[in-house]
Number of protein chains: 2
Amino acid sequence: MADKILMLILDGIGDRPVKELDGKTPLEKAKTPNLDKFAEKGVNGIMDTIAPGVIPGSDTGHLALLGYDPYDVYTGRGPFEAAGIGLEVKPGQVAFRCNFGTIEDGKLTDRRAGRIKEGTEELAEAVNNIDLGVDFHFQEAVEHRGVLILKGQGLGAKVTDIDPHETGVGYHPAEPIVDDKENKKTAEIINEFTKKTVEILSDHPINKKRESSGKPPANIILPRGAGAVPEMKPLSENKGIKGAAIAGIPLVKGVCRMAGMDIIDIEGATGGLDTDIEAIIKGIKSNIENYDFILANIKGFDILGHDGLPHEKIEFIEKLDENLEHLKDLEDIYIAITGDHSTPVTVKGHSGDPSPILIHGEEVRWDEVAKFDERSGTKGGLSRIYGKDVLNILLDLAKIGEKFGA
Amino acid sequence: MADKILMLILDGIGDRPVKELDGKTPLEKAKTPNLDKFAEKGVNGIMDTIAPGVIPGSDTGHLALLGYDPYDVYTGRGPFEAAGIGLEVKPGQVAFRCNFGTIEDGKLTDRRAGRIKEGTEELAEAVNNIDLGVDFHFQEAVEHRGVLILKGQGLGAKVTDIDPHETGVGYHPAEPIVDDKENKKTAEIINEFTKKTVEILSDHPINKKRESSGKPPANIILPRGAGAVPEMKPLSENKGIKGAAIAGIPLVKGVCRMAGMDIIDIEGATGGLDTDIEAIIKGIKSNIENYDFILANIKGFDILGHDGLPHEKIEFIEKLDENLEHLKDLEDIYIAITGDHSTPVTVKGHSGDPSPILIHGEEVRWDEVAKFDERSGTKGGLSRIYGKDVLNILLDLAKIGEKFGA
């Protein structure tokens, strides 16, 4: 009988030697008896999510880990953000990530409109009433965030961001990055869109009320991260499996939804440092019976890497490790534990350093490595592998893989 | 002066840890002083024939080891089976593997016509007299086996098997897997072919005689494994070498013939468990002077993997090892020993687990590994390599390889 598959993605887990940790990485320094037990009974290695030295995003990284070629399917973040908040997107459409912002006398004073929490639904309704001459949909998301989908024909996705990513300046009219008809059309449309959001939102009652109570009005929508919605065969077709994802952040949810996976919502799985790891582990255990494959993403490591906080990263790693105790009694399952990219505290951002990887399960060719970290992995039986191969390796181990040839 | 090259393919040698072998693989458990001596003096590694986790067939596996991309040249088993029994096949043709079967009142009663041994030549002659409106050739092979080649123009190879792979049911009319003109045409032709084989064979004197002596008549031909004959440049052109193959089974012979290699027939090399390994080794030694490169395939490991018999697999490995004594005195040769895929006794089928590989010869960068097995290989100097690279590595070592660049 086929076994189950779990891919536990410790987002940004990989790091570099840190001086104040005596040249160890946070993962090397952390006390991780449970991860080490999995490593001891498993087969270990290091993994280049896309390719050695290539710095993955969370989107391109997860695409690779699900067996897609990000160079084929990825042109920008927008479509995955849209899918991540539950919108249906279709090949041919172009999607943008957006912020509600505040503009005064032609200059941005706040890129997040005071992290507005209420009233965005009404503001979005007004935005959707704009007449652009092409079909579009704007959807508010958490706080100041939103998504714009252009549904017209012949649209390009290679246009610059309207969001200037700073305040004190005007918004940047979008320009085609590749100068052709399709991209020009898209640039014109979102320039018109942005202009009209200012017109329509400035006098909106919600904003009048905000201003009267001293809050910055949400009087502009700032699109960025244009991306063409790709054609992606679902995992059920590509790999013959039914998959589900547990993830805190919409971007990862979006990638998984686009791969045809169900999204399992776990209360308390926030994608932040406060995320309820125990609830995530329990969620995996209570749902695995219904799926061939679950991908669970835990984000905190990445946040602390971005913030450059080695000791806090160690603490978060140890908190994860304690909770892995609950995974140990799962049977008939192959578990891969790895990252989608490294986020070294010394880099304060993603890096192309390989991530450590372990695969645990009944029939793996376990090796002599008994510690889960960046350098121990280099001595393991997996050697150095690519992200695109991880799911195939798991499918083969779980006896779900299909033979190519006779 | 250039050295010779030998690729010794231990078909299905790779395995997984087996409980009743105390967590060792059959190869780890077996006593293999000769293999270990080759490993000690050689450079070792693990090898993904196609890619990590991808489960190769014997055909796609050998294609990769000969440097071809199976995703380019492989659409089905038929052409390689045809070439394997010595038929000339040409790009554009579509070939099928076939069985003589027995059908009664529209239902198959025997998929192998009682493993018919005599008279198939006369039956094949009758089949070849069928008027199909397109040029074709049917060739009987060993026992109930045969091959059908369609030689018309505009034929697709993506059609389902006529052979239902079970008895008690009717045969399955072929259907296009991809619904286009070419595949529809092929499906129509082989449906007509199959129908006519029943008409023409049912009253054939050979079958009347079989029935009168209580044997099942061979009164239907059941095509399966449709494949388009690929365009394959011979090794002489691709790699500049003259190659030959020693193999027991037609499928591997066929792949090697399609690669432009000579087939060396060795008496007693059966592809079964009874195969005469000593004769194969002697055959290598007596023929190597005439070639740059010999590939020899020994099949028994795969059979015992399929049958799930760890102890018997160990015995067969030890039998091989004893015979490798005779290889030791070969000079001026680079020898690679590996598998075309793993066939773990726990899987009872092919798997995507990497195969161990050793390369032995004068100038290899020998490493510290002194045992030939799945896990020792992971510590070797070759690290983890792809099947498609093995022949290039050997050509380079043997000083046959040509520089790319200046």
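Quick notes on this structure:
- Acute angle (nearest 10 degrees) that the helix A:387-397 long axis makes with the longest principal axis of chain A, alpha-carbon atoms: 50 degrees
- Once divided by 2.2 N^0.38 Å, the Cα radius of gyration of the range A:95-142 becomes 1.24.
- Net charge dipole, chain B: roughly 460 debye, given to the nearest 20, about the Cα centre with Cβ charges of +1 for Lys and Arg and -1 for Asp and Glu.
- Estimated vicinal HN-Hα couplings, Hz - the range B:188-202 in sequence order (Karplus 6.51, -1.76, 1.60; Gly, Pro = x): 4, 5, 6, 5, 4, 4, 4, 4, 6, 5, 5, 4, 7, 8, 4
- Prolate/oblate/rounded call for the protein assembly as shown, Cα gyration tensor, a/c under 1.5 rounded: prolate
- Closest Cβ on chain A to the rotation axis that carries it onto B (distance rounded to whole Å): A:Ser383, 3
- Across chain A, the relative contact order, built from alpha-carbon pairs under 8 Å that are at least six residues apart, equals 34 percent.
- Neighbour net charge for B:Glu278 - beta-carbon separation under 10 angstrom, K R +1, D E -1: -1
- Bins of 5 Å, starting at 0 and running to the largest distance - Cα pair percent for the range A:283-406: 2, 9, 16, 21, 21, 16, 9, 4, 1, 1, 0
- Take B:Asp329, move 7 Å from Cα toward the beta carbon, and the resulting point lies 6.5 nm from the same point in each other copy, nearest first.
- Peptide B:11-20 has a mean shielding of 2, counted as Cβ atoms of other protein chains within 10 Å of each residue's Cβ.
- Dipole magnitude for the protein assembly as shown: about 600 debye, using +1 per Lys or Arg Cβ and -1 per Asp or Glu Cβ, origin at the Cα centre.
- Rg and Dmax over the alpha-carbon atoms of the range A:47-128 stand at 16.9, 50 Å.
- Here's the picture: a label point sits 7 Å out from the Cα of A:Asp203 along the beta-carbon direction, and within the range A:77-113 the residues with their amide nitrogen under 17 Å of it are A:105.
- Close amide H contacts of A:Gly339 (hydrogens built in the peptide plane, cut-off under 5 Å, sequence separation of 5 or more or a different chain): A:Leu10.
- Normalised alpha carbon radius of gyration of the range B:2-63 [divisor 2.2 N^0.38 Å]: 1.34
- Couplings for the range B:334-346, taken from phi via the Karplus curve 6.51 cos²θ - 1.76 cosθ + 1.60 with θ = phi - 60°, read 9, 10, 9, 10, 7, x, 8, 4, 8, 10, x, 5, 7 Hz in order; Gly and Pro are left as x.
- Relative contact order of the range A:49-168, taken over Cα pairs closer than 8 Å and 6 or more residues apart, is 25 percent.
- Calculated label separations, B:Phe404, copies of the chain, 7 Å along the beta-carbon direction, nm: 1.9
- Distances between copies at B:Glu267, taken between label points 7 Å from Cα along the C-beta direction, are 8.1 nm in increasing order.
- Dividing the Cα radius of gyration of chain A by its Kirkwood radius returns 1.01 for Rg/Rh.
- The mean count of C-beta atoms from other chains within 10 Å of the C-beta of residues in B:53-63, rounded to a whole number, is 5.
- Straightening the chain between A:Lys282 and A:Thr346 buys 19.7 nm, computed as 0.36 nm per residue apart minus the Cα-Cα spacing.
- Projected label points at B:Lys90 and B:Asn129, each 7 Å from Cα along the beta carbon direction, are separated by 2.7 nanometres.
- In sequence order, the range B:131-140 has phi-based couplings of 9, 9, x, 10, 6, 8, 9, 10, 10, 6 Hz under the Karplus curve 6.51 cos²θ - 1.76 cosθ + 1.60, θ = phi - 60°, and Gly or Pro positions carry x.
- Sequence of A:Glu318, A:Glu81, A:Glu402 once ranked by neighbouring C-beta atoms within 10 Å, starting from the fewest: A:Glu402, A:Glu318, A:Glu81
- Each peptide in B:42-53, B:127-138, B:387-398 was scored by the mean count of other Cβ atoms within 10 Å over its residues; highest first, the order is B:42-53, B:387-398, B:127-138.
- To the nearest ten degrees, helix A:310-324 and the longest principal axis of the Cα atoms of chain A are 60 degrees apart.
- Net charge in the neighbourhood of B:Leu251 (other residues with Cβ under 12 Å of its Cβ; Lys, Arg +1, Asp, Glu -1) is +1.
- The GluC sites (Glu not before Pro) of the range B:191-291 that DSSP puts in a loop, and whose beta carbon has at most 11 other beta carbons within 10 Å, are B:Glu231, B:Glu267.
- Computed [θ] at 222 nm, helices only, for chain B once each DSSP H run of length n ≥ 4 contributes -39500 (n - 2.57): -9000 deg cm²/dmol
- Neighbours of B:Asp3 by Cβ distance under 10 Å: Lys/Arg scored +1, Asp/Glu scored -1, total -3.
- Inter-label distance for A:Arg384 and B:Asp265, nm, one decimal - labels placed 7 Å from Cα along Cα-to-Cβ: 4.9 nm
- The Cα center of the range A:324-388 and the Cα center of the range B:333-406 differ in position by 25 Å.
- Amide H within-cut-off set for B:Asp262, under 5 Å, with H built and near neighbours excluded: B:Gly243, B:Ala244, B:Ala245
- In straight-distance terms, cross-link reach from A:Lys117 covers every one of the lysines whose alpha-carbon lies under 30 Å from its own, apart from those fewer than eight places away in the same chain; here that gives A:Lys90, A:Lys107, A:Lys151, A:Lys195, A:Lys196, A:Lys208, A:Lys209, A:Lys215, A:Lys253, A:Lys299, A:Lys313, A:Lys348.
- The H on the amide N of B:Val18, modeled in the peptide plane, is under 5 Å from the matching H of B:Gly23, B:Lys24, B:Thr25, each at least 5 residues off or on a different chain.
- Kirkwood hydrodynamic radius of the range B:82-228, from inverse mean 1/r over distinct Cα pairs, in Å: 15.1 Å
Where a number appears in this text, it was derived from the coordinates with a stated rule and is not lab data. No experiment lies behind these values; they were computed from the predicted model shown. Note that we place each Cβ from the backbone using ideal geometry, even for glycine, and neighbour counts take in every protein chain shown.
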